[in-house]
Amino acid sequence: MTFQTLFAASSGHIYIGNTIWYLIVFAILLVLVKHYAWGPVSEMMEKRRQKVISDLDSAADNRKKAEVLANEREAALKNSRQEATQILSDAKANAQKTSSQIVAEANDDAASIHEKAKADAAQAKADALDEARAQVADISVTIAEKVIAKNLSADDQKDLVDQFIKGLNK
Amino acid sequence: MEKSFVFKFLGLNFDLAGMIGSTLMAAVVLFVCIWLSRKVELRPNKKQNVIEYLLDFTDGIVKDNVSDPDARKHLSLYAFVLFLFIFCMNQLGLFLEVKVGDNMFVKSPTADPVTTMSFAMMTLLLSFTFGMQKFGVGGYWRNYAEPVSFLFPINMIEEITNFLTLSLRLYGNIYAGEVLLTLIGNSLAPSFGITTMVLAAPLAMVWQGFSVFIGSIQAYVFVTLSMVYVGKKVTKE
């Protein structure tokens, strides 16, 4: 190894050795920077890029899903409203039907009760008349007996009794 | 001009200033990168944001100029490291110049045509590789004869001019910046004692700020043009 102080390039020497030195230094620098800085950083940037892409995709997906859900919910809401009105109107109709039925039944009942009462009253009247008639007949017979008792002979009386008995048999 | 310490090893000349500067800045780039990406999470922290911004920036350069998705994947790392490395090397000479005796030991490595040519050559070789991978060796050479065959020599010359403009643009900008800074610091400041020293300070500051700007722009331009050259090789015209 011989060291020798020489003049710079301007004085006629071209130091090719430096070129080799630069190449070596640059190559080592490239390898080290790639290993320690450029590699991890660019890898992370790529990872972040992928993450952003996937996040955007999933966000779009979610939005679509939410839209579908909202539509479904709106449809369901509309449906339920319709159902509610249907139920309400059904209930109303039912109530009306029931009430008219009840009224009709009540009317029928009242009419039948009225009828029955009328019949009962007529029956009672007839019964009372019959009874009265019987009693009047009895009383009049008794009165007549009392009135006639003194004037009748025994034969007449016997006839009368017979007649009465006959009348009873009839 | 400043001399630098050159030694001979295995029959090759080595310039110590460039080696020290580039190694130093490579270490800086490496440690900054490791420090920024110590904790990499899905929900980024502040440090991670910084390195992700840088990565996005260089990825943007690659994406704008290379349409081939296969090449893009590899070029992303290349552009990222190249940008940071050249940027740091551009800035090194602005705040740190170490001179021992007559020899420079620390300065911007990119203020040296050999350095910039090394990186331009790297890009050029990379573009050859990508082109041959994409079209095969025969297809790659046939692309030089596109769109018409008599353009072949012109396309060949373009390859050389690309290499030269890419490297010399960077070298010229950084070198000029350093020269002017040295002039302000070494010649203007001590010329009339304390008065010029006080006056030179803001001037040096302004020029340093401007050089930071130039250094950033040149790093960006270098990476962009590298990607343009590589991108041209992997797309059929």
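The values are calculated or read from the model by the stated rules, or taken from the named source; none is laboratory data. Note that the structure is predicted; figures quoted are calculated from it, not measured. Quick reminder, even Gly has a Cβ in these numbers, built from the backbone with ideal geometry, and neighbours come from all protein chains shown. Surface areas here come from the heavy atoms of the whole protein model, side chains and all, with no ligands, DNA or RNA. Shrake-Rupley method; radii C 1.70, N 1.55, O 1.52, S 1.80 Å.
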Partner shielding of B:112-118, taken as the mean number of other chain Cβ atoms within 10 Å, equals 5
Show which lysines lie in cross-link reach of A:K78 when reach means a straight Cα distance below 16 angstrom and same-chain residues fewer than eight apart are skipped.
none
Any idea which of A:Y22, A:A121, A:I143 is furthest toward the positive side of the dipole for chain A, if Lys and Arg beta-carbons carry +1 and Asp and Glu beta-carbons -1?
A:Y22
Accessible surface buried once B binds A (1.4 Å probe; total of both sides; Å²):
4000 Å²
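Ignoring ligands, DNA and RNA, what percent of the accessible area of chain A is carbon or sulfur (1.4 Å)?
60 percent
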Taking a probe of 1.4 Å, how large is the accessible area per residue of region B:3-233, in Å²?
48 Å²
Dipole of region B:1-128 (Lys/Arg Cβ +1, Asp/Glu Cβ -1, origin at the Cα centre): which of B:F119, B:S76, B:V28 lies farthest to the positive side?
B:V28
Per-residue average of other protein chain Cβ atoms inside 10 Å, peptide B:120-133 -> 1
Expected output for region B:8-22, residues with a loss of 10 Å² or more in accessible area relative to the chain alone at probe 1.4 Å, reads B:K8, B:F9, B:L12, B:N13, B:F14, B:D15, B:G18, B:M19, B:S22
Given a 1.4 Å probe, the accessible area of region A:9-169 per residue, as a whole number of Å², is 81 Å²
Please sort B:69-79, B:49-59 by packing, taking for each peptide the average over its residues of neighbouring beta carbons within 10 angstrom, highest first.
B:69-79, B:49-59
Please sort by residue number the chymotrypsin sites (Phe, Trp or Tyr not before Pro) in region B:96-194 whose DSSP state is loop and whose Cβ has at most 15 other Cβ atoms within 10 Å.
B:F192
Once the other residues with Cβ under 14 Å from the Cβ of A:Q123 are scored (Lys, Arg +1; Asp, Glu -1), what is the net sum?
-2
For chain B, give the percent of accessible area contributed by carbon and sulfur heavy atoms, probe 1.4 Å, rounded to a whole number.
71 percent
On full extension of the chain, what length is gained from A:A76 through A:L160, given 0.36 nm per residue of separation minus the C-alpha to C-alpha distance?
20.0 nm
Please give the charge dipole size of region B:3-233, origin at the Cα centre, charges +1 on K and R Cβ atoms and -1 on D and E Cβ atoms. Round to the nearest 20 debye.
420 debye
